Amino acid sequence: MKWIAILGLLAALSISSIAAAQNELAATLEVLSGGVEMKRVNTSNWIAIRVEAVVGVGDVLRTDPSGRARITFFADGTETEILPGTEYRINRFEGSSTRFNLSAEVLVGQTIQRLSRLLDATSSYNIATPAMNLVARGTEFAIRVEENGRSALLVRDGEVEADAQSSSASVPLGFGVRAAVGEPISDVVRASTFAELDAALDGCSAVLTTPDDVSLNVRSGASMGAERIGYIDASAVTRLFGVTTSSGWYRIPFGDGFGWVLSSSAEIASGCAGLRVFPDNFREGMSTAPTPAPTSAPSATPMPRS
């Protein structure tokens, strides 16, 4: 009887182990370009992957400056492409091919996530970065993480929910956001590349001129009817943070925020990927989204208060 009880216990443990293994899924890693390594969970050594491998929860993948790989989670197109110079970790992957919970982390570098199916309430697809947490239900999006942890998101299809430092945003198709470690999410801006996202949020170098050294009026909005909040020498404007749809009005850092100037002579640096576009007659304060602080503000002369 004693041996029967022991055998029964071993059988139960075996069945339990099999069930646990079935609940924790594995994915396929395919090398697209040489320079891909993997570190298995609970190990310290990096293993070079030449062609393909099976990866699971806890495994860390990295690519060198020329390496490129693709992780396929399911045959229907649920996959992650890992671009050169990237480190990526799978934190959770369980369930079945129809209902699953997947969580991963982009530690540094760039990835492209493709999730072809629309997830129901019982499934989840979450990606963490040093600065943001991202939740998708069925979409395609790209992530970039810089060495300092600053993270950026571009949505190429569907919509992604992003949150960071007590702030959140729904990012639709054709838009992006960015966040530094410990800081709120930026404005949601239109961008299809990371260069466009950076230009929209960081502004572009520019040169403004006026005849006879006339100062420019600075207004609270992009129209002659907006309140005049000061004036500034054209030579003091070295960076622009936006332009109106019909052009002519430019957003500049002014005081503790932003102001608008009208100029027909603005020359924007050739390397600019594109200024952020605002609607005509836009006024500061119209948007409730957080506005990134200007990186540097030229010397400004405020209007005297009566």
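The values are calculated or read from the model by the stated rules, or taken from the named source; none is laboratory data. Everything quoted here is computed from the prediction, not taken from an experiment. With ideal geometry, Cβ positions are generated from the backbone for all residues, glycine too; neighbour counts draw on all protein chains shown.
Here are some residues: VAL181, VAL160, VAL177. Which one is of a type in the set (A, V, I, L, M, F, W, C), assigned to a loop (DSSP other than H, G, I, E, B) and in contact (Cβ under 8 Å) with a residue 12 or more places away in the chain?
VAL181
Exactly one of these conditions fails for GLY158: (1) touching a Leu at 6+ places or on another chain (Cβ under 6 Å); (2) at pLDDT below 95. Give me its number.
Failed condition: (1).
Considering each residue of the range 81-101, count those that are modelled with pLDDT of 95 or more and of a type outside the set (D, E, K, R), and give that number.
Number of matching residues: 8.
Taking the range 144-157 on its own, how many of its residues are more than 10 Å from the chain's Cα centre (by Cα) and in a strand (DSSP E or B)?
The number of residues fulfilling the criteria is 2.
Among the listed residues THR78, THR72, identify the single one that is assigned by TED's automatic domain parsing to the domain that holds ALA131, in contact with a strand residue (DSSP E or B) (Cβ under 6 Å, 6 or more places away or on another chain) and either loosely packed, with under 15 Cβ neighbours inside 10 Å or of a type in the set (Val, Ile, Thr) (or both).
THR72
Within the set of pairs 6 or more residues apart or between chains, which connect a residue that is over 23 Å from THR193 (Cβ atoms) and surrounded by fewer than 19 Cβ atoms within 10 Å (Cβ to Cβ) inside the range 121-146 to a residue that is modelled with pLDDT of 95 or more and hydroxyl-bearing (Ser, Thr, Tyr) with Cβ atoms less than 6 Å apart?
ASN126/SER103
Across the range 81-104, which residue is surrounded by the most Cβ atoms within 10 Å (Cβ to Cβ) among those that are assigned to a strand (DSSP E or B) and hydroxyl-bearing (Ser, Thr, Tyr)?
Among them, the one singled out is TYR88.
Residue by residue, here is whether (1) modelled with pLDDT of 90 or more; (2) over 22 Å from SER205 (Cα atoms); (3) over 21 Å from the mean Cα position of the chain (by Cα) holds:
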{"site": "SER263", "(1), (2), (3)": "yes, no, yes"}
{"site": "GLY274", "(1), (2), (3)": "yes, no, no"}
{"site": "GLU284", "(1), (2), (3)": "yes, no, yes"}
{"site": "PRO290", "(1), (2), (3)": "no, yes, no"}
{"site": "PRO298", "(1), (2), (3)": "no, no, yes"}
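Quickly run through the range 185-243 and pick out the residues that are of a type in the set (Asp, Glu) and out of contact with any Asp or Glu (no Cβ under 8 Å at 6 or more places or on another chain).
If the condition is that a residue be of a type in the set (Asp, Glu) and out of contact with any Asp or Glu (no Cβ under 8 Å at 6 or more places or on another chain), then ASP187, GLU196, ASP198, ASP202, ASP212, GLU227 are the ones that fit.
On the given criteria, is LEU118 of a type outside the set (Ser, Thr, Tyr) and under 25 Å from ALA164 (Cα atoms)?
Numbers: of a type outside the set (Ser, Thr, Tyr): yes; under 25 Å from ALA164 (Cα atoms): yes.
Yes.
Can you say whether PHE141 is in contact with a strand residue (DSSP E or B) (Cβ under 9 Å, 6 or more places away or on another chain) and either part of a loop (DSSP other than H, G, I, E, B) or within 24 Å of ILE47 (Cβ to Cβ) (or both), as far as the supplied structure shows?
Numbers: in contact with a strand residue (DSSP E or B) (Cβ under 9 Å, 6 or more places away or on another chain): yes; either part of a loop (DSSP other than H, G, I, E, B) or within 24 Å of ILE47 (Cβ to Cβ) (or both): no.
Taking the combined requirement at face value, the residue does not satisfy it.
This table checks each residue for (1) of a type outside the set (Phe, Trp, Tyr); (2) surrounded by 15 or more Cβ atoms within 10 Å (Cβ to Cβ); (3) at pLDDT below 90.
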site: ALA200; (1), (2), (3): yes, yes, no
site: ALA206; (1), (2), (3): yes, yes, no
site: ASP213; (1), (2), (3): yes, no, yes
site: GLU227; (1), (2), (3): yes, no, no
site: GLY230; (1), (2), (3): yes, yes, no
site: VAL237; (1), (2), (3): yes, yes, no
site: PHE241; (1), (2), (3): no, yes, no
site: TYR250; (1), (2), (3): no, yes, no
